Amino acid sequence: QLREIYQEQGYAFVQVQPDVRIDDERRIVDVTYRIHKGEKAYIGRIEFQGNRETRDYVMRREFLVRENELYNGRKLRLSQQNLLALGYFQPSMSIDEQRRDVDNVLDVITKAEESQTGNLQAQIGYSDQSGLTGSVSLSKGNLGGRGQTLRVTVEAAQRTVTRRISTDFIDPHIFDSEFSSDSSLAFSSTQDQTELERGTIEELRGSQGFGHPIFSRLSTSLTYSATNRTFEDKDYAPTQLRSLTNALRWNSVNHPVFPTDGSNIVLA
């Protein structure tokens, strides 16, 4: 912790050596920390190794330091946490510092091993009410190595004439900015099972949300949602629903799928 205090100020080569003196008679230990700051250091090149799919700029935007900036050990540690929180890399990822011939310049090399970011799920079942049912869900994170997420889900049932299809697309940095985008579109067609017997109910839902960080792990978002519902029975007029939702999110989990630390809190 003492080293990190000085590394935040650019002293990358600081040495903290405790000098311990024991007084046997009084049973007291005196500890003197001798601090040798050394010279301030600067960031040279920031390089990435092992990212076969993920593009360099996706990793670089998670860094809190830039090339030619004053060295900051704490920001480098937080940058590694940001990269791991994406869920694209194995926990064994490391950030190494390589000293140049110039004493006060350090190159930062990130060595990463990519994780599996695609997921395909299929289900099939049977019930007396619905008959044969099935669903297929496809999810791909880090789409094309650009850090985007795409999810597609298809469901169907035999007897209740149920069909559902939904798509979600998330871009955490639209146009490489600090704004995020979350788009959703879904269609369903279901036979009315209530006593109203309105026939087939078709519903089209869509939403578009934009978010922006406030600081660190805290962000805010604004989402507009629209739903259009029609009924086979013409005695029931079509329904239209519109809503605008604002949310505040605190997200400090260390992995989006298998978190072991942190919290994810949403106020909407």
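The values are calculated or read from the model by the stated rules, or taken from the named source; none is laboratory data. If you're wondering where the values come from, they're calculated on a predicted model, not measured in any experiment. Positions of Cβ are generated from backbone atoms using ideal geometry, with glycine treated the same way; all protein chains shown enter the neighbour counts. All accessible areas refer to the heavy atoms of the entire protein, side chains included, with ligands and DNA or RNA removed. Shrake-Rupley method; radii C 1.70, N 1.55, O 1.52, S 1.80 Å.
Of everything in the range 141-153 that is open to solvent by less than 50 Å² (accessible area, probe 1.4 Å) and assigned to a strand (DSSP E or B), the residue that is farthest from PHE89 (Cα to Cα) is THR153.
For the range 228-268, a residue qualifies if it is more than 25 Å from THR117 (Cβ to Cβ) and assigned to a loop (DSSP other than H, G, I, E, B), and the qualifying residues are GLU232, ASP233, LYS234, ASP235, TYR236, ALA237, PRO238, ALA268. Filtering the range 1-38 to residues that are surrounded by 11 or more Cβ atoms within 10 Å (Cβ to Cβ), of a type in the set (D, E, K, R) and more than 28 Å from the chain's Cα centre (by Cα) leaves ARG3, LYS37. Name the residues in the range 154-185 that are closer than 18 Å to THR133 by Cβ, part of a strand (DSSP E or B) and open to solvent by less than 40 Å² (accessible area, probe 1.4 Å), would you? Answer for the range 154-185, where residues must be closer than 18 Å to THR133 by Cβ, part of a strand (DSSP E or B) and open to solvent by less than 40 Å² (accessible area, probe 1.4 Å): ALA157, THR162, SER166.
Scanning the range 129-140 for residues that are in contact with a strand residue (DSSP E or B) (Cβ under 8 Å, 6 or more places away or on another chain), touching a residue at least 12 places away in the same chain (Cβ under 8 Å), in a loop (DSSP other than H, G, I, E, B) and among the charged types (D, E, K, R) turns up nothing. When the range 218-245 is limited to residues that are open to solvent by 90 Å² or more (accessible area, probe 1.4 Å) and of a type outside the set (Phe, Trp, Tyr), the one that is nearest to PRO91 (Cα to Cα) turns out to be LEU244. Scanning the range 187-196 for residues that are at pLDDT below 95 and under 19 Å from THR227 (Cα atoms), we see that the one that is most open to solvent (accessible area, probe 1.4 Å) is GLN191. Taking residues in the range 171-186 that are more than 24 Å from ALA226 (Cβ to Cβ), and partners anywhere that are part of a loop (DSSP other than H, G, I, E, B) and open to solvent by less than 40 Å² (accessible area, probe 1.4 Å), the pairs with Cβ atoms closer than 9 Å and at least 6 places apart or on different chains are HIS173/GLY147. Look at (1) within 15 Å of the chain's Cα centre (by Cα); (2) in a loop (DSSP other than H, G, I, E, B); (3) of a type in the set (Val, Ile, Thr) and you find that THR194 fails only one, number (1). Per the listing GLY125, GLY118, GLY147, GLY141, the residue uniquely touching a helix residue (DSSP H, G or I) at 6+ places or on another chain (Cβ under 6 Å), of a type outside the set (A, V, I, L, M) and at pLDDT 90 or above is GLY147.
Taking the residues in the range 22-39 that are part of a strand (DSSP E or B) and out of contact with any Pro (no Cβ under 9 Å at 6 or more places or on another chain) as candidates, determine which candidate is nearest to GLU97 (Cα to Cα). So, considering only residues that are part of a strand (DSSP E or B) and out of contact with any Pro (no Cβ under 9 Å at 6 or more places or on another chain), the one nearest to GLU97 (Cα to Cα) is HIS36. Annotation: SER135 fulfils all but one of (1) of a type in the set (Gly, Ala, Ser); (2) open to solvent by 80 Å² or more (accessible area, probe 1.4 Å); (3) in contact with an Asp or Glu (Cβ under 8 Å, 6 or more places away or on another chain); the unmet one is (2).
Given the criteria within 22 Å of GLN7 (Cβ to Cβ) and not basic (Lys, Arg), does THR110 qualify? Taking the combined requirement at face value, the residue satisfies it. With respect to the conditions (1) over 30 Å from ASN264 (Cβ atoms); (2) free of Cβ contacts under 8 Å to residues at least 24 places away in the same chain, SER189 falls short on a single one, namely (2).
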